[in-house]
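Take a look at the structure below.
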Amino acid sequence: MIKSNIFCKKIILCLILVLLTGVIGCSNDDKNSNKVPIIKEITASKTVLQPKENINILVDIFADNQEALTFTWSATGGTIEGAGNSVTYIAPSTAGKYTVEVNVEDVNGGVTNSSIILTVYNDDQNSNEAPIIKEITASKTDLQPKEDINISVDVFDDNQEALTFTWSATGGTIKGTGNSVTYTAPITAGKYIAEVSVEDANGGITNSSIILTVYREIVFVSGTEGDLDIYKINEDSTNIDNLTNNSSLDINPVWSPDREKIAFLSDNNGNKVYNLYIMDADGSNKIQLTTNHSIYAIFPGSWSPDGDKIVFASKKDGNYDIYTINVDGSNEIKLTNDVDTDNECPAWSPDGDKIAFDSDGDIHIIDSDGGNRINLTNSVVYKESPIWSPDGSKIAFLSEDNDANYNLYIMDENGGNQINLTNDKLLNNINPVWSPDGSKIAFLSGIDDNNYIYDLYVVNVDGDDKIKLTNNYLMDIWSVVSWSSQGDKIVFSADDDSDGGSDLYLINADGSNSIKLINNQVYDMMPAWRQ
């Protein structure tokens, strides 16, 4: 049998802790403390009006205390009737473009504002005048990085065929011509403006714009009284959404390669025996892929690069073996069949040809169809937790060098050129994760005792420039680390205030600007960036 290691012991301890404490949850009531109100969106029932026409204008606000907000409305033309977050706008008698603005102030004096542009015109006013843009619309205004949407502009002019459309954006790219184009969001979160200029045959020019917001999402695990669910949140702490919302223990979310689906583990009936599930990014279309399994809880598995299969470790037949299964639940294949040895922590190679895993204290690889199994390390020193570099040329892993603590190593994909990146004799190094460009590895390092004092580090793959990013945080094996897709930020779970729970933190990859993504007295853990 495989020798016991610190991780298996901690799994039992952490699950007992989660189930016995009654303080698990996803309350985020105080996350906006001391922040100005956030205007999500300002909308109008119509944006192109006839003179003296009445419309409704609504502003959607995120704030701690909605009832304590003060709304101040103004317009460059026309009149506004009403108060609060919803008012009536009466267009002026003169055609033109008018701006309606709202200022929102909370009880702490925090003020924010936003505006919307409205166009007033007569049906017969356009003779010898510039084109009139009735409306510019987008299929979505809240986007993920690199997401494609359609943007269209509705124009009033005497001669539609003689119009020329010129599009531009402050970020992202625009493809196409005419009054309808495709916008591709940039990879960096923020607000961006897409603008169109419309010129007619007489040289008359008019323009309009639309604001688009790019969010980066993070999934994580949280729950109450033993009911763990999978949630989604934006990196600015907005739009928290419970994706699973059931009475099971749902853990270890992992994004598919196209970031459209999430694989996760669930005990379904509360029996702490985990099976594999997938769902869409919004929590819909949940599918149970396995039955009668007991999947290795600390490591959920790995998607194939094409997104068609998932590899996982299960002790369905007594000890842990490696399995693959199609994402529709068909074609379950057992790749290993060892009688007295556990095979765990499978990871699919980036080219899809190989699967790395740990077995009996060594790192193995096997063809994705189960053939050609090779022991890469063949050592008397215990090794585990292999992860492939993004280009597939290297494998990082952990090695129990001094029979107590783990060091972080990398090696070539064939097992050669093993390099110890940490060389620690006192500290334990766990949970390594490659940066997206493959130049660095983030990991946790600390003293392995009952206090679980670990910190987050980043090291170059040649072992140089080891940087400590945090200072004396409470972390353990459940403190998952995840890089953003562009490698600028890292999200992790930890507890730095001994409040009995854990929180999610964001930190720049250089260690600057550490902030709490969620701040409460409950357990929030296992984060994973979508982008």
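Here are a few things to note about the model shown:
- Under 5 Å, built H, 5+ apart or other chain: amide partners of Arg373: Asp367
- Our estimate of slack between Val107 and Gln50, defined as 0.36 nm per intervening residue step minus the Cα-Cα distance, is 16.7 nm.
- Dipole magnitude of the chain about its Cα centre (Cβ charges: Lys, Arg +1; Asp, Glu -1), debye to nearest 20: 180
- In this simple spin-label approximation, Val339 and Ser485 carry label points 7 Å from Cα along the Cα→Cβ vector, and these lie 4.8 nm apart.
- In terms of surrounding Cβ atoms within a 10 Å radius of their Cβ, Ile57, Ile355 rank from fewest to most as Ile57, Ile355.
- A viscosity of 1.306 mPa s and a temperature of 10 °C, combined with the Kirkwood radius over Cα pairs in Stokes-Einstein, give a translational diffusion coefficient for the stretch 158-273 of 89 µm²/s.
- Counting beta carbons within 10 Å around each of Thr377, Thr79, Thr184 and listing the fewest first gives the order Thr79, Thr184, Thr377.
- Computed over the alpha carbons of the stretch 273-391, Rg followed by Dmax gives 13.9, 47 Å.
- In this structure the amide hydrogen of Glu217, modeled in the peptide plane, comes within under 5 Å of the amide hydrogens of Arg530, Gln531, none closer than 5 places in sequence on its chain.
- Two-decimal ratio, the chain, of alpha-carbon radius of gyration to 2.2 N^0.38 Å: 1.15
- Entries of Lys175/Lys261; Lys468/Lys516; Lys440/Lys468; Lys272/Lys383 with Cα pairs more than 21 Å apart: Lys175/Lys261; Lys272/Lys383
- Relative protection proxy for 171-183, 240-252, from highest mean packing down: 240-252, 171-183 (other beta-carbon atoms within 10 angstrom).
- The stretch 85-187 shape via C-alpha gyration tensor axes, a/c threshold 1.5: oblate
- Couplings 3J(HN,Hα) of the stretch 502-508, computed from phi: 9, 10, 9, 10, 10, 8, 5 Hz, in residue order, whole Hz [Karplus 6.51 cos²θ - 1.76 cosθ + 1.60, θ = phi - 60°; x for Gly and Pro].
- Here the alpha carbons of the stretch 138-192 define both size measures, Rg and Dmax, at 12.7, 41 Å.
- Angle in degrees between helix 6-20 and the longest Cα principal axis of the chain, rounded to the nearest 10: 50
- Dividing the helix sum by the residues of the chain, where each DSSP H run of 4 or more adds -39500 (n - 2.57), gives a mean residue ellipticity at 222 nm of -1000 deg cm²/dmol.
- Cα shape, the stretch 226-328, gyration tensor, a/c 1.5 rule: oblate
- Geometric extent, Cα atoms of the stretch 298-347 - Rg, Dmax (angstrom): 10.7, 33
- Taking N as its residue count, the alpha carbon Rg of the stretch 41-81 over 2.2 N^0.38 Å: 1.40
Every number in this text was worked out from the coordinates using simple rules, so none of it is lab data. All values reported here derive from a predicted model rather than from experimental measurement. Because the Cβ atoms are built from the backbone with ideal geometry, glycine has one as well, and the counts that use them run over all protein chains shown.
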